[in-house]
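Structure, as structure tokens:
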Amino acid sequence: MNTTAQTGQKFNYFFGLINLVAVFCIVWLLWYVFMNPNTVMKLYTPMYGFSLVVGFLAAIVLLNNVAGGYPFPEVSTQRFGPVQRGIAMTVVAVLLMLFLVYIFFWGFIGKFGIAYFSPQSIIASGGQGAEIFNARENASTAIVYYFTAFLLVALFWSTGFDRWPWQNDDRGVTAWSRLFAVTFFSSIIYILLFHPHVCYLFYPAQDKAGVESWWADFAGTGSAFFGLGLVLCVLFWIVASDLLWDGYPWKYLEKEGESTWAKGVVVFIVTFVLGVIVLFVLMQIMNYFWDEAFMGGQYTDGPDFRFIHAGEICGFFILAAFILKHYFNNFPNLNSLWVGAAIRTILAMAGGMLFYWFYYSPLATFFLAKVPGVAQPGDTSLVWTILFLSVIMVQTDFFEGWPLKKR
């Protein structure tokens, strides 16, 4: 038993473990119905299913971190309890995901703006590989990258700027203002890190629409997996500082309990530098086990796989950080914030490696119908990790931790 910092109530770690097991079972059921290639929906192709789960996570983050729950009440009330609030917000998140993928990207942007966001537009344009499966995979890849950029900016803004500079405005003004700001910067990051690669997925390459990948010379690959791995490595530090470090050291830059422009700039610079360091360290570890990667290398020898694998590892770290925060009360709770934060970070990394072991073990082959091996083409652990994260965030944010935590 331990005391929760927010409510002062006793926290039961055994109940937290039971809650985690229940969530794991829910994730397995969702995977079995929607993703398992041998069962019902078979959406894990993998990019089509990837685009849907990352779209769902983006919808959750949009409602919770960007809009601050608007237009729903910030917390449950007697008239609108946590269960009713959770169900309503979950339904809205699902509908928002369907709207973004099928109407906004497939039916609007892909039809009237950028063809590669829509499978139908890709097929209509003709050319090699313009058939439904490849077209849907390529369109889904572009959508995944855009949602990734959105998640980076949205979670960074929530940790760094929070309500600044709209802290004196009402919830509606703040929600819409943050949405436009986050979308603007997400588009810039997408254009710089992902758009050049997507333009070269087609033959002939769309070289007038996108430049050749500018990172190819020093990264050893023109794949946007470079940007995907970098973004996820940065995201780990954003999540760790928010969840495991209680928002420190960034809170020292706040003014009267509100974020400032200085706080946002410092959070961006420091987490970016830490993300680059982690990416470099993980790449060196992979070099140690698999030797140097080289351009054109297949499977574990390919630099493109090494970059996305670094991102997958950080995805496991992020998942473990959420579990440690919400199901184990940010253990350990010590008098020294910094000692506790350091131990939690180490525990999150250790927990992430346990998930790594599970995903690449025969257990995942049995439970998830995953192809054995680490560097299998058409397989990424990020789909399962993001699905797991989505279920956790639905419970902790939409349902306010119910039934583990009760007001």
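The values are calculated or read from the model by the stated rules, or taken from the named source; none is laboratory data. Predicted, not measured: the structure shown is a model, and the values here were computed from it. Positions of Cβ are generated from backbone atoms using ideal geometry, with glycine treated the same way; all protein chains shown enter the neighbour counts. Each accessible area value is taken on the protein alone, full model and side chains, heavy atoms only, with ligands, DNA and RNA left out. Shrake-Rupley method; radii C 1.70, N 1.55, O 1.52, S 1.80 Å.
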Interchain or long-range residues, amide H under 5 Å from Phe11's placed H: Asn2, Thr3, Thr4
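For segment 61-158, which GluC sites (Glu not before Pro) pass both filters: DSSP loop (anything but H, G, I, E, B) and at most 12 other C-beta atoms within 10 Å? If you can, show how the numbers build up before the last one.
On the way: sites: Glu74, Glu131, Glu137; in loops: Glu74, Glu131.
Those satisfying the criteria are Glu74, Glu131.
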Interchain or long-range residues, amide H under 5 Å from Phe80's placed H: none
Average accessible surface area per residue within the chain, 1.4 Å rolling probe, Å²: 47
Computed E for Phe14/Val94 - FRET, C-beta separation, R0 30 angstrom, nearest 0.05: 0.40
Inter-centroid distance (Cα atoms) of segment 50-84 relative to segment 370-402, Å: 18
Cα gyration tensor category, rounded, prolate or oblate, for the chain with a/c compared to 1.5: rounded
R0 of 60 Å, Cβ-Cβ distance Ile343-Ser125: FRET efficiency to nearest 0.05: 0.65
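Could you tell me which trypsin sites (Lys or Arg not before Pro) in segment 1-102 are loop residues by DSSP with no more than 11 other beta carbons within 10 angstrom of their beta carbon? Spell out each step's value before the answer.
Numbers: sites: Lys10, Lys42, Arg79, Arg85; in loops: Lys42, Arg79.
Within segment 1-102, the qualifying trypsin sites (Lys or Arg not before Pro) (loop, at most 11 other Cβ atoms within 10 Å) are Arg79.
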Helix 13-30 vs. the chain, principal-axis angle (Cα, 0 to 90°, nearest 10): 30
Amide H contacts under 5 Å for Asn330, placed H, 5+ residues apart: Lys325
Distance histogram for segment 273-407 (every C-alpha pair counted, 5 angstrom bins, percent rounded to whole numbers): 2, 9, 15, 19, 19, 16, 10, 6, 3, 1, 0, 0
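Give the carbon-plus-sulfur fraction of the accessible surface of the chain in %, rounded to a whole number; probe 1.4 Å, heavy atoms of protein chains only.
Carbon plus sulfur share of accessible area: 68 percent.
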Debye, to nearest 20: dipole size of the chain, +1 on Lys, Arg Cβ, -1 on Asp, Glu Cβ: 1140
At R0 = 30 Å, FRET efficiency that the Cβ-Cβ distance of Asp217 and Thr365 yields, to 0.05: 0.20
Cα extents of segment 28-117 along the three principal axes, largest first (Å): 45, 36, 16
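State, as an integer percentage, the relative contact order of segment 123-239 based on alpha-carbon contacts under 8 Å between residues 6 or more apart. Could the numbers behind the result be given before it?
Numbers: 90 pairs, mean separation 35.4, N = 117.
Once divided by the residue count of segment 123-239, the mean separation gives 30 percent.
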Sequence-separation-based contact order of the chain, relative, with Cα cut under 8 Å and 6+ spacing, percent: 21
C-alpha long axis of helix 47-61 to longest principal axis of the chain, angle in °: 30
Rounded to 10°, Cα long-axis angle of helix 225-239 versus longest principal axis of the chain: 0
For the chain, calculated [θ]222 nm from helices alone, where every DSSP H run of n ≥ 4 adds -39500 (n - 2.57): -19000 deg cm²/dmol
Along the chain, longest interval not containing exposed chymotrypsin sites (Phe, Trp or Tyr not before Pro), exposed being DSSP loop plus at most 14 other Cβ atoms within 10 Å: 81-213
Under 14 Å, Cβ to Cβ, from Asp301 - net charge with Lys/Arg +1 and Asp/Glu -1: -2
